[in-house]
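Structure, as structure tokens:
Just so it is clear, none of the values below were taken in a lab; they were calculated from the coordinates. Keep in mind that what you see is a predicted model, and the values were worked out from it rather than measured. Here the Cβ positions follow ideal geometry from the backbone for every residue, glycine too, while neighbour counts run over all protein chains shown.
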Amino acid sequence: MIYLHSMRYSHLFSKTLRQAPKDADTINHKLLTQAGFVDQLMAGVYSYLPLGLRVLRKIEQIVREEMDAIGGQEVLMGTLHPKEIWEKTGAWDSVDVLFKIQSRTEREYVLGQSAEEVVTPLVMQYVTSYKDLPKAVYQSHWKYRDELRAKSGILRGREFLMKDMYSFHENQEDFDAFYKTVKEAYLKAFKRMGLTAKVTEASGGNFTEKISYEFMVLTDAGEDDILYCESCDYCVNVEIAKNNEGESCPSCSNSSLKKARASEAGNVFDLGQKYGKNFDLTFTDRDGNKQYPVMGCFGIGISRNMGIIVETHHDDKGIVWPKQVAPFAVHLVGLIDHAEEIYKKLKERNIEVFFDDRDLNPGQKFADCDLIGIPVRLVVSQKTGEKIEWKERTSENSELLTFDEVLARLEA
């Protein structure tokens, strides 16, 4: 789909580990490391190994498709920012998580934790009139935060891959309408990843004094507490909630509010006119007057969502990847030479297949299958004869199928 359709396990430089790292304090850190998807360079910084990079790219592609579908235009902006633009917005002094660096010429820079300071002058140089609006540009790029305590595996890092989209509007009404469009696109993207997200009211933090929206996925590894209603879509971060756990839902009154731990999969900030004013960049409105654009910021954590997926899709044997983000569609376990023929046939049909051709006992191969978590396991052995054993990762049952029956299922 994205690059190589198939791979032999014997060619993979990374291997599974017998045990998870001792300092792994979350499921995603434990399983992603043990299964050979990531390697921790230091707290909050990870190397993504071949299997992990495939998952990361698939999540990124899902998000890309949904952003393109609502009119987003993809760009790639620099992550090394001059100090001056962060001074213009006041963030140089007010944002405490910035990585600030100095060059040999004594000029100071920021490693971007977001891109409002870059994207505002970039887009506004092409906007002179209301006729040039709305505009929405996005990127998937690495971001940097000087976290005092990076934790929770890839859920909370100092370096992370994020999709950030910035929209520009002639008025608040246009932004509000676009927000509804993005909200549906976000929920669709999360569903494609195998996640169910709740749209949660939260404070705007460093970005804005207005209410922002977070897309939260229930998981014990989360860093926030939310109150939610099971009868309607009402959901709020506990920090700004006016109600308490057990009280009647203020939206529908049909259920009492439940409290749960959750992790932020995405967010939306209504930036208002702040950044246009900071840079004194305007456009001519319908009445011929100069106006500052109303802006929005829409984020989805690409690497973070990889961790959230593992937190919500695993069992006591390992990861259970949802189909659309799995590194491969099929994990082929070869126990006899006949497996080579099956591997070649699957490759010819462009099936994404991970072929375990290693000279190991069946038990070790099956344990690795469960740990790595690819949706379908195919076994070719003396026992299966001319047929192939089909077993789904989510099931304890297996069945014997012909190659054509296997192919029909995989291509359905």
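For N244 and K258, compute 0.36 nm times the residue count separating them, minus their Cα-Cα distance, and round to one decimal in nm.
4.2 nm
Which ordering of D96, D174 is given by a fewest-first count of other beta-carbon atoms within 10 Å?
D96, D174
Rounded to the nearest 0.05, what FRET efficiency do Q125 and N171 give with R0 = 22 Å and r taken as the Cβ-Cβ distance? Could you check?
Using R0 = 22 Å, I get an efficiency of 0.55.
Filter K30/K183; K30/K345; K22/K100; K323/K344 down to the pairs with a C-alpha to C-alpha distance above 27 Å, please.
Going by Cα-Cα distance, K30/K183; K30/K345; K22/K100 fall outside the 27 Å limit.
Cysteines of the chain lacking any other cysteine beta carbon under 4.7 Å?
Here C235, C297, C369 come out as lacking a disulfide-compatible partner, given the Cβ-Cβ threshold of under 4.7 Å.
Where a Cα-Cα gap under 19 Å defines reach, which lysines qualify for K290, not counting those fewer than 8 residues away within the same chain?
Candidates past the 8-residue exclusion: K131, K135, K274, K277.
So if each residue of separation counts as 0.36 nm, and I subtract the Cα-Cα distance between A412 and R358, what length gain in nm does that give?
16.5 nm
With springs connecting C-alpha atoms under 10 Å apart, model the chain as a Gaussian network and identify which of D270, D368, D285 has the largest mean-square fluctuation.
Largest GNM mean-square fluctuation: D285.
Compare the Cα positions of G288, L148, S256 along the charge dipole of the stretch 7-315 (+1 at Cβ of Lys, Arg; -1 at Cβ of Asp, Glu; about the Cα centre) and return the one farthest towards the positive end.
L148
Expressed in nm to one decimal, what extension gain is obtained for the pair Q73 and E147 from 0.36 nm per residue of sequence separation less their Cα-Cα distance?
Using 0.36 nm per residue and subtracting the Cα-Cα distance, I get 23.6 nm.
Along Cα→Cβ, 7 Å out, is where each label goes; now give me the distance between the ones at E386 and V45 in nm to one decimal.
For E386 paired with V45, the spin-label model returns 5.8 nm.
In which sequence would Y292, Y275 go, from the one with the fewest C-beta neighbours within 10 Å to the one with the most?
Y292, Y275
Determine ³J(HN,Hα), in whole Hz, for all residues of the stretch 333-343 in sequence, where each value follows from phi through the Karplus function 6.51 cos²θ - 1.76 cosθ + 1.60 and θ = phi - 60°; x replaces Gly and Pro.
Along the stretch 333-343, the couplings run 9, x, 10, 9, 4, 4, 4, 4, 5, 5, 4 Hz.
Report P(r) for the stretch 328-411: all Cα-Cα distances, bin width 10 Å, range 0 to the bin holding the largest distance, values in whole percent.
Reading the bins upward from 0: 18, 60, 22, 0.
For Y292, what charge total do you get from the other residues with a beta carbon under 11 Å from its beta carbon, if Lys and Arg give +1 and Asp and Glu give -1?
Spelling it out: positives minus negatives among the neighbours equals 0.
Given A202, V110, P375, which one lies farthest toward the positive end of the charge dipole of the chain, if we put +1 on the Cβ of every Lys and Arg and -1 on the Cβ of every Asp and Glu?
It is P375, whose Cα lies furthest towards the positive end.
In a Gaussian network model over the chain where Cα atoms closer than 10 Å are linked, find which of A221, A20, A35 has the largest mean-square fluctuation.
A20
Return the Cα extents of the chain along principal axes one, two and three, sorted largest first, each rounded to a whole Å.
79, 60, 44
Calculate the spin-label point distance for S103 paired with E341, positioning each point 7 Å from the Cα along the beta-carbon direction, and give it in nanometres.
6.3 nm
Can you put D132, D359 in order, fewest other beta carbons within 10 Å first?
The order, fewest Cβ neighbours first, is D359, D132.
Let me check against my output: what whole-number percent is the relative contact order of the chain, with C-alpha pairs under 8 Å and at least 6 apart?
17 percent
Please pull out the direction-averaged projected area of the stretch 158-277, using the convex hull of its alpha-carbon atoms, in nm² to one decimal place.
Over all viewing directions, the stretch 158-277 projects a mean Cα-hull area of 8.7 nm².
Residue by residue through the stretch 126-142, which ³J(HN,Hα) values in whole Hz follow from phi under the Karplus form 6.51 cos²θ - 1.76 cosθ + 1.60 (θ = phi - 60°), with glycine and proline marked x?
10, 10, 10, 9, 4, 5, 8, 10, x, 9, 9, 10, 9, 8, 10, 8, 6
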